[in-house]
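S.K.: Before I ask anything, let me first share the structure, which is written out below as structure tokens.
The values are calculated or read from the model by the stated rules, or taken from the named source; none is laboratory data. Keep in mind that what you see is a predicted model, and the values were worked out from it rather than measured. For neighbour counting, all protein chains shown are included, and Cβ atoms are generated from backbone atoms with ideal geometry for every residue, glycine included.
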Amino acid sequence: MTETPVKVLVVDDAATVRLYHTSLLSEAGFHVEEAANGLEAVESALTTAYDLFVVDVNMPKMDGYSCVETLRSETVGTPAPVLMISTEDRPGDADRAYAAGANLYMVKPVSAERLVRVARMLTAGSGIAA
Amino acid sequence: MGLVRRNAPPPEETAAPPSIDTLMSQLDDPDPDCRREAALGLGGVDEAVPALLSRVAGEDEPAVRDAMLTTLAAHDTAAVAEGLAVHLATDDAGLRTAAAEALATMPVAVPAIVPRLLADPDHDVRVMTAMVLADLPHPGSQTWLAQMIAEDEHPNVVTAAIDALLPSLGPEHHDLLRAAVDRFPGDPFLRFTVEAALR
Amino acid sequence: MTSAATAGAGLSDAEFEKFREYFYKRTGIQFTSAKRYFVDKRIDACIRGSKFDTFTSWFAALRLSDRSDLLQELINQLTVNETYFLREDYQFDSMLRTVLPAVLEARGGVNRIVGPVKILSLPCSTGEEPYSIALRLLEEWPPIDRIDVEIHGADIDSDVLSKAGHASYGERSLQRVPKKWRDKYFSPVGGGRFQLDEGIRGAVTLHQVNVCDTNTMRAFRDFDVVFCRNVLIYFDELSSRRAAENLYGAMRPGGYLFLGHSESMSRISPIFTPTRLPEGIVYQRPTGANR
């Protein structure tokens, strides 16, 4: 176990969702940064090595699936786990998330306990919050 | 070698825009860049609207689709608003969010279709509608968002509407927000959102 | 949050939060709470300069109509908007160290490149930017002895273009130019002003163009490097998108686009690929292979 905090990027165009996810994860000891759409997330991931991405689906400029695909592509190439959280629960949404490169797909709303538990599970071994 | 001045005449003197017919036929060119430039070049050309609308969903190059939407959104008309609103229901996340962005820049034509969108049986379409109303520069947006918060049956639509209303939230909305929490007592995110908004 | 701030009274916490979120969403620029005093003062100046007398009415007008005069004044208040030689010089460092070598390699190398390397400065205003590029290339980029470089400056404003053509500058514009370069490339023309060497003036081609106008922008082609700094931030949603699309069309696939240091494509258009360079983020027009 290292001394560096686990770095999470919360990606959502809704300010309230960012606030919710950020406050839950910060209280649990994660170091959280935010991006307001997929493209901003890609730009942030080019300059900072995150241990976890929490990504919404419906976002302007670049949607969540395209964002995850780009994070996995040679443009960024991050191996960090990606948790997608969406309002969409149509058949096929989860498959699309996994095909894009997400590690887990969850439908909103996600309870505080579940979000923190999943974030810990996905980042096990990558820092002091895990 | 070194710095050289362009010897040809300045580009503004050589530019002869292609004809509308040429641009229309280029919308089906196999070269994406040719299609992209045609879509942009058709900016302001009314008769190109149906051709562009019919190609938005089938265009698989994002840069070409973006060019089509940039041109279409500048036609703030009922035909374009209705033609784009159809895509709010699509499974293609890139297309539905791009359509929502375009609709959010069309304050003349979008208001007429809002009542129909608010009544759409698909709650995902209503979530996308909140996304449109968040950025639509129209004085009616606040009223429609308040209506969604008060009446919509799906908690994700209500939270999306609360988020969209946030920048224009005033004391007159406080009862509305409290009532939303009472309607969905089991939704932790909705409760958090309202508490944050009322703080 | 019930109190509506009037001019001079500062913002309430809730108003500051609303404004901060709006500005972040609109521009990508984040103000931390540490900037609260600065932001309060500048917004106050905007409200005083407008016909509105409360934050609430001013903010509603700003958001509702995306009124370009209110937005322009706001951005002027919150950002530094001044042109001078070698401004945001780290981007020129990036061009010399990283971008131009990559351009040469992509185009076959110094010995095999066909046609000139093309650089566009848009908006070029009174010429400081394209001439800064010229000076740095001549002084600090040895390959210029072996290859051709075209520098173009473009602006919508014919007044600034005629000043750019004349290329005489005061102390303020020249403050960052090393004395050695000043002695070598500028000569005094009286009134405390210095005119740039005719050789450089003549080598930079100036154009009047509206970046949002697809028909005139169509003539700009195959640029390897484009500087479009501190202008897209002023445009409304549709204009900034169209401007980005037109810049894309002006660039060679794989070409590089620099925005102003506080600007981000993430608020404008997804058609470019962000690329990390040692000196910061730059945007590339995708090559066919990346598609």
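S.K.: Among the helices (runs of 4 or more DSSP H) confined wholly to the stretch C:18-100, which include 1 or more residues that are in contact with a helix residue (DSSP H, G or I) (Cβ under 8 Å, 6 or more places away or on another chain), within 30 Å of C:ARG136 (Cβ to Cβ) and away from chain A (no Cβ under 14 Å)?
M.R.: Numbers: elements: C:36-49, C:55-65, C:68-78, C:89-94.
Of the helices (runs of 4 or more DSSP H) lying wholly inside the stretch C:18-100, those with at least 1 residues that are in contact with a helix residue (DSSP H, G or I) (Cβ under 8 Å, 6 or more places away or on another chain), within 30 Å of C:ARG136 (Cβ to Cβ) and away from chain A (no Cβ under 14 Å) span C:68-78, C:89-94.
S.K.: Further question on the same structure: Taking the stretch C:101-137 as the search range and keeping residues that are of a type in the set (Gly, Ala, Ser) and part of a loop (DSSP other than H, G, I, E, B), which one is nearest to C:GLY249 (Cα to Cα)?
M.R.: Keep residues of the stretch C:101-137 that are of a type in the set (Gly, Ala, Ser), which gives C:102, C:106, C:108-109, C:115, C:121, C:125, C:127, C:132, C:134.
So of that shortlist, the ones also part of a loop (DSSP other than H, G, I, E, B) come out as C:108-109, C:115, C:125, C:127.
Working: C:GLY108: 22, C:GLY109: 24, C:GLY115: 18, C:SER125: 22, C:GLY127: 23 Å.
Result: C:GLY115.
S.K.: Could you tell me whether B:PRO167 is closer than 24 Å to B:ALA109 by Cβ and at pLDDT below 95?
M.R.: Here the answer is yes, as B:PRO167 does meet what is asked.
S.K.: Would you say B:LEU3 is under 30 Å from B:LEU136 (Cα atoms), more than 17 Å from the chain's Cα centre (by Cα) and either modelled with pLDDT under 95 or buried (at least 17 other Cβ atoms within 10 Å of the Cβ) (or both)?
M.R.: Judged against the criteria, B:LEU3 is not a match.
S.K.: Can I ask one more? Out of the residues in the stretch A:25-46 meeting the condition of being out of contact with any strand residue (DSSP E or B) (no Cβ under 6 Å at 6 or more places or on another chain) and surrounded by fewer than 23 Cβ atoms within 10 Å (Cβ to Cβ), tell me which one is nearest to the other protein chains (Cβ to nearest Cβ).
M.R.: That would be A:GLU27.
S.K.: Quick one: which of B:ARG178, B:ARG191 is in a helix (DSSP H, G or I), modelled with pLDDT of 95 or more and not acidic (Asp, Glu)? So that I can check it myself, show each step before the final result.
M.R.: On the way: B:ARG191 fails: modelled with pLDDT of 95 or more.
Step by step, each of B:ARG178, B:ARG191 is checked, and only B:ARG178 is in a helix (DSSP H, G or I), modelled with pLDDT of 95 or more and not acidic (Asp, Glu).
S.K.: I'd like the residue in the stretch C:137-156 that is surrounded by fewer than 23 Cβ atoms within 10 Å (Cβ to Cβ), among the acidic types (Asp, Glu) and in contact (Cβ under 8 Å) with a residue 12 or more places away in the chain and, out of all such residues, is farthest from C:GLY108 (Cα to Cα).
M.R.: C:GLU139
S.K.: Report yes if A:VAL6 is more than 26 Å from B:GLU195 (Cβ to Cβ), β-branched (Val, Ile, Thr) and within 14 Å of chain C (Cβ to nearest Cβ), otherwise no.
M.R.: no
S.K.: For the stretch C:108-134: of the residues being buried (at least 21 other Cβ atoms within 10 Å of the Cβ) and among the hydrophobic types (A, V, I, L, M, F, W, C), which is nearest to the other protein chains (Cβ to nearest Cβ)?
M.R.: Only one residue tops the list, namely C:ALA134.
S.K.: Next question, about the same structure. Please return the ranges of strands (runs of 3 or more DSSP E) entirely within the stretch C:177-291 where 1 or more residues are in contact with a Phe, Trp or Tyr (Cβ under 6 Å, 6 or more places away or on another chain), without any contact (Cβ under 8 Å) to a residue 40 or more places away in the chain and hydrophobic (A, V, I, L, M, F, W, C).
M.R.: C:186-190, C:193-196, C:251-259
S.K.: Taking the stated definitions as given, is C:GLU245 within 25 Å of C:ILE75 (Cα to Cα), crowded, with 24+ Cβ neighbours inside 10 Å and within 8 Å of chain B (Cβ to nearest Cβ)?
M.R.: yes
S.K.: Right, another one. On the given criteria, is C:GLY153 within 21 Å of C:GLY255 (Cβ to Cβ), assigned to a loop (DSSP other than H, G, I, E, B) and not hydrophobic (A, V, I, L, M, F, W, C)?
M.R.: Details: within 21 Å of C:GLY255 (Cβ to Cβ): yes; assigned to a loop (DSSP other than H, G, I, E, B): no; not hydrophobic (A, V, I, L, M, F, W, C): yes.
So C:GLY153 fails the test.
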